[in-house]
1. For the stretch 421-438, indicate whether the set of residues that are out of contact with any Asp or Glu (no Cβ under 7 Å at 6 or more places or on another chain), closer than 29 Å to GLU79 by Cβ and charged (D, E, K, R) is non-empty.
2. Residues of the stretch 315-358 being touching a Pro at 6+ places or on another chain (Cβ under 9 Å) and polar (S, T, N, Q), which ones?
3. Within the stretch 224-233, is even one residue at pLDDT 85 or above, more than 30 Å from MET138 (Cα to Cα) and not in a helix (DSSP H, G or I)?
4. Does LYS419 qualify as being part of a strand (DSSP E or B), within 21 Å of VAL298 (Cα to Cα) and of a type in the set (Lys, Arg)?
5. Considering only the stretch 34-57, I want to know if a residue exists there that is of a type in the set (D, E, K, R) and touching a Lys or Arg at 6+ places or on another chain (Cβ under 6 Å).
6. If we scan the stretch 310-317, do we find a residue that is of a type outside the set (Ser, Thr, Tyr), touching a His at 6+ places or on another chain (Cβ under 9 Å) and under 27 Å from ASN102 (Cβ atoms)?
7. Any idea which of (1) within 16 Å of GLY451 (Cα to Cα); (2) out of contact with any Cys (no Cβ under 9 Å at 6 or more places or on another chain) is the one GLN24 doesn't satisfy?
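The values are calculated or read from the model by the stated rules, or taken from the named source; none is laboratory data. Since the model is a prediction, treat every value here as computed from it, not as a measurement. Here the Cβ positions follow ideal geometry from the backbone for every residue, glycine too, while neighbour counts run over all protein chains shown.
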Amino acid sequence: MDKQKHIMVVGGGITGLTAAYYLQKQVKEKQYPISITLVEKSHSLGGKIQTEHTDGFVIEKGPDSFLARKPAIMNLIAELGLQDELVGTNPAARKNYILHQNRLHLMPPGLILGIPTQITPFVRTGLISPLGKARAAMDLLIPSRKEEGDESLGGFLQRRLGREVAENIAEPLLSGIYAGDTQMLSLDATFPQFKSIEKKYGSIIKGMLLSRKSGAASPQPQLDLPPGIKNSMFLTFRNGLVTLIDAMIRELDQVTIRTNDTVSEVIPHEGGGQYTIHTQSGEEILTDAIVLATPAFVTKGILKDIDMSEALSQTPYVSVANVALAYDRKDIEHPLDASGFVVPRKEGRSITACTWTSSKWLQSSPHDKVLLRCYIGHSRDQSHVEWSDEELLHRVKKDLKEILDLGAAPIFHKITRWKNSMPQYRVHHLDRLHQVRAELEVKRPGIYLAGAGYEGVGIPDCIGQGKMAAVKLMDHLMRS
């Protein structure tokens, strides 16, 4: 490669930062004559990964952890030398509660992604009626689905385990990841392992049980982790997830970073093989390849001149909010002996879940204080978007009073709103994504999509997508 080339990364969340990081790494290693620019519309980088430190509290405004068994993030942590900053969940608080008929019930031991794999705890739970338990046991006898196509996550769970298990246990656990309706979410795009297990074993319970015994469902850390966190399914950093963002930004010493700006349109260059990027600030930038680490609805606006709008439009986004509340420990009678609780929709509560953050992550608060974080927002109910901060706080405190008998006034609270932040992978999502990428390959070679709107909403999934986009983009430049 003799001619100087330019790469643009649009979006400065974890996906865009990862893409820029791995692009720069390849440029440095091979000494390619390539410049890289990252454009982010807000004033800061990191997207929904934001950590606030207040009076000894470590408060996450977005996600609070990541799955330890995902190699994409563990490898990145190793490259950045952040292993010693990792912390695991408190071993004494690894259980969870589910709200059922206005009472907190311990989640039965042996649940894996909401699927029961231990008979005795499941038989004893008060979350499911005797008839519901008998229906769940039918999973061992019901034949596998013969059709090969996609189906809804909720439809799968009800087909295998019955309505009660789906609504009372699995749905509040699994839909919380997406703030979505399991009856609308794609099985292939959210939990494809369920489909594979059914096909292989003929029973989701049997398959999950055998996977558990073989260790396939256990965390598989990719690093030589300290003994205290080796068995933790979820990990974070001692000073919050922003540790990862700060480390990545420090590494991007050969990337031009432009904040408070965004890309409004991408136009193919008349000579072919290049693109003219129009920015909101009024500039026109010639570039050779692009990573669009943007939400699907933003991508649709940037690539407005090609026939992919319909496919991108079918990934709706949901708005959510969370309220962090700090208390004196002496003011709370509940033992807070778990990571928190989730709330099924039919309970009619404003909150969808509550993390007992100071129990789950011991480093997150002073020893004599308590930090709780409540979540609001679901695809079937977006009314909270119109609530004032006062109304939001009032509803959260009302639920906490009725569920935990918590009437004390918090020391302080922090409200975070995330508008249009949670992509909903509707049935056949992966088919539509394949269609979009196939069209890009033909009509817009050198443009790559990555991010939560496409192939996974978790931090490790976004990191994996950012890295893959960087690899594919560089391969494209080598061949062009």
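1. Yes, there is a match, as at least one residue in the stretch 421-438 is out of contact with any Asp or Glu (no Cβ under 7 Å at 6 or more places or on another chain), closer than 29 Å to GLU79 by Cβ and charged (D, E, K, R).
2. THR315, THR352, SER358 - these are the residues of the stretch 315-358 that are touching a Pro at 6+ places or on another chain (Cβ under 9 Å) and polar (S, T, N, Q).
3. yes
4. Details: part of a strand (DSSP E or B): yes; within 21 Å of VAL298 (Cα to Cα): yes; of a type in the set (Lys, Arg): yes.
It is true that LYS419 is part of a strand (DSSP E or B), within 21 Å of VAL298 (Cα to Cα) and of a type in the set (Lys, Arg).
5. Here is the first cut: in the stretch 34-57, the ones of a type in the set (D, E, K, R) are 40-41, 48, 52, 55.
Next, from what is left, pick out any that are touching a Lys or Arg at 6+ places or on another chain (Cβ under 6 Å): none.
So far as the stretch 34-57 goes, no, none of its residues is of a type in the set (D, E, K, R) and touching a Lys or Arg at 6+ places or on another chain (Cβ under 6 Å).
6. Checked against the condition, which is being of a type outside the set (Ser, Thr, Tyr), touching a His at 6+ places or on another chain (Cβ under 9 Å) and under 27 Å from ASN102 (Cβ atoms), the stretch 310-317 yields no hits at all.
7. The number of the failed condition is (1).
Conditions tested, residue by residue: (1) assigned to a helix (DSSP H, G or I); (2) surrounded by fewer than 21 Cβ atoms within 10 Å (Cβ to Cβ).
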{"position": "SER44", "(1), (2)": "no, yes"}
{"position": "HIS53", "(1), (2)": "no, yes"}
{"position": "GLY62", "(1), (2)": "no, yes"}
{"position": "ILE77", "(1), (2)": "yes, no"}
{"position": "VAL123", "(1), (2)": "yes, yes"}
{"position": "ALA136", "(1), (2)": "yes, no"}
{"position": "ARG159", "(1), (2)": "yes, yes"}
